[in-house]
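Q: Dropping the structure in here first, questions after.
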Amino acid sequence: MPFVAAEQPKCPKCGKSVYTAEERIAANAKWHKTCFKCGLCHKLLDSTNVTEHSGELFCRHCYGRKYGPKGVGFGGGAGALSMDVGEHLGNRSTEMTNAHHSSQF
Ligand SMILES: [Zn+2]
Ligand SMILES: [Zn+2]
């Protein structure tokens, strides 16, 4: 019996066929690159910053906020809203310190 013709994979987001030229693979599915975006902030994603949860895609930032940091080096205690990252104490926090006031250097 001949193999059933391979069905074009469907994008979970919009339900339309995904062709190889525009596919992004995550969560065991193929997505259009235009559908490959965060379910919360709708930022377009790529394979370097996508995370998935229950078949939905999120950027790392939203995933961290929604489901908690996972493998991300938030140095402080969970739930601490202090913006003091302890840089003056020699902490090597590199994530999310962009807004830090580093004026004197
Ligand atoms: Zn799509
Ligand atoms: Zn997001």
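Quick note: the coordinates plus some simple rules give every number you see, no bench work behind them. Please read these numbers as outputs of a predicted model, since none were measured by experiment.
Q: Mind running the shape call on the stretch 20-72? Use the C-alpha gyration tensor, a ≥ b ≥ c as the square roots of the eigenvalues: rounded below 1.5 for a/c, prolate if a/b tops b/c, oblate otherwise.
A: prolate
Q: Next question, about the same structure. Once amide H atoms are built 1.01 Å from N in the peptide plane, which residues 5 or more positions from HIS53, or in another chain, come under 5 Å H to H?
A: PHE58
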